[in-house]
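Have a look at the structure below, then the notes.
Laboratory data are not the source of any read-out in this text; all were calculated from the coordinates shown. Worth saying up front: this structure is predicted, and the values here are computed from it rather than measured. Here the Cβ is made from the backbone with ideal geometry for all residues, glycine too, and neighbour counts use every protein chain on show.
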Amino acid sequence: MLALGNRLLAQQRIRVLSIPVLFIICILVFFIALSQGGVVITLRETMLMLTQPVDDQLKYAIIWQIRLPRILLSMVVGAGLATCGAAMQALFRNPLADPGLIGIASGAALGAVATIVLGTSLFANFSDNLGYYAVPVGAFLSCIAVCMFIYRLGAQNGRFTIVSLLLAGIAVNAIVNAIIGILTLVSNEQQLRDLTFWSMGSLAGNHLAMIMPTLGIIIGCCIGLLRLSKPLNVYLLGEAQAKHVGINVTKLKKQVFIYTALCTAAAVAITGVIGFIGLIVPHIMRLILGPDHRYLLPACMLGGALMLSLADLFARTIMLPAEVPIGLITSAIGGPFFLIMLLKTYQGAK
């Protein structure tokens, strides 16, 4: 009994300390990432440039126009994907679930591919009017449209069950991937190259004005999911138990789905497909902190920001002056991790 009490006390201390420790690490990585790249800038110079103008206009432009938007985007997108992953794993009560399971990422991919391939013909006016913003906006709108369709399929007769949501997501995923395949077949060489690079994910080429709407949507959705921490804790006990204590289970599932869809749509639209963040980070944080979402969701936000910013730093410095698509980095890390999780799951089921 005493040993159990000591174990619980130790876990509580870890939970309390994890958030400030992760936050401090994120701040350190933020400044390190700002200073590293093709042009190395000292930490002292970096901090000085963030507070006041300097004579070296080149370094000042590198910090403010290239690295700062990119690092902010990496941290916010990483936080959003990891938080959505934790919420989806709670919704499905399965540690292997992630937002891609219900077709959210493929919906964004459909919009991006359609804009790239048909941007000079069917969607010429759309591409001409939006210019550089056409692909992100197309991806976001397509993702929302696909998610609304999945939502309608999964909420028949006023019911919103996990099984119906999963089956609808799988079916729509198959249809969307078929359409993407057809568009890929009719694309020319340049379009094929563009959509290939988009599908591998990248944080490059974004400026503050372009990423601000994305940051606002992701932060708003993360706050919304954080407010659902306590209901999600009760939901983990089972739908019947949650209903008995007054939780509106149907409303909770719809809220998680909507927040996850909006957050993932905003992230994927501007960065392309970045896999495994929503799978790896929640699993690691759950192993450390346990399943309590009051601690798990904030830890996932910080852990996702930390992991994606480190992956981005690695992607843009390992092959200077070239850059490795960040989706390749996260997949290289996430693939083996996913296999390990599967093996442990199978071994635990024996």
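Details
- Label point at Leu342 placed 7 Å out along Cα→Cβ; residues across region 256-286 whose backbone nitrogen lies under 17 Å: 275-277, 279-280
- Distance between modelled label sites at Arg193 and Ile170, nm, 7 Å Cα→Cβ extension: 4.0 nm
- If the Kirkwood radius is taken over C-alpha pairs of region 104-228, then at 4 °C and 1.567 mPa s the Stokes-Einstein diffusion coefficient equals 81 µm²/s.
- Here, P(r) means the percent of Cα pairs in each 5 Å bin from 0 to the largest distance; for region 218-293 it is 3, 14, 19, 24, 20, 13, 5, 2, 0.
- Fully extended contour minus Cα-Cα distance, from Arg294 to Asp56, at 0.36 nm per residue: 81.2 nm
- Using 0.36 nm per residue and subtracting the Cα-Cα separation, the extra length available between Phe314 and Ile258 on full extension is 16.9 nm.
- Environment charge of Leu167, counting only residues whose C-beta is closer than 15 Å and scoring Lys/Arg +1, Asp/Glu -1: +3
- Inter-label distance, Trp64 to Tyr133: 2.2 nm, where each label sits 7 Å from its Cα along the C-beta direction.
- The calculated pair-distance distribution of region 275-320 uses every alpha carbon pair, bins of 5 angstrom beginning at 0, and gives 5, 23, 26, 19, 12, 8, 5, 2, 0 percent.
- Count Lys and Arg as plus one, Asp and Glu as minus one, and take only other residues whose Cβ is under 14 Å from that of Leu310; the net charge is then +1.
- Gyration tensor over alpha-carbon atoms, region 183-260, equivalent ellipsoid semi-axes in Å: 40, 18, 9
- Here the translational diffusion coefficient of the chain follows from Stokes-Einstein with Rh set to the Kirkwood radius across Cα pairs; for 10 °C and 1.306 mPa s it amounts to 74 µm²/s.
- Cα-based Lys pair tally, the chain, threshold under 19 Å, eight or more apart or on separate chains: 7
- Segment Leu48-Val245, length gained on full extension (0.36 nm per residue, minus Cα span): 65.5 nm
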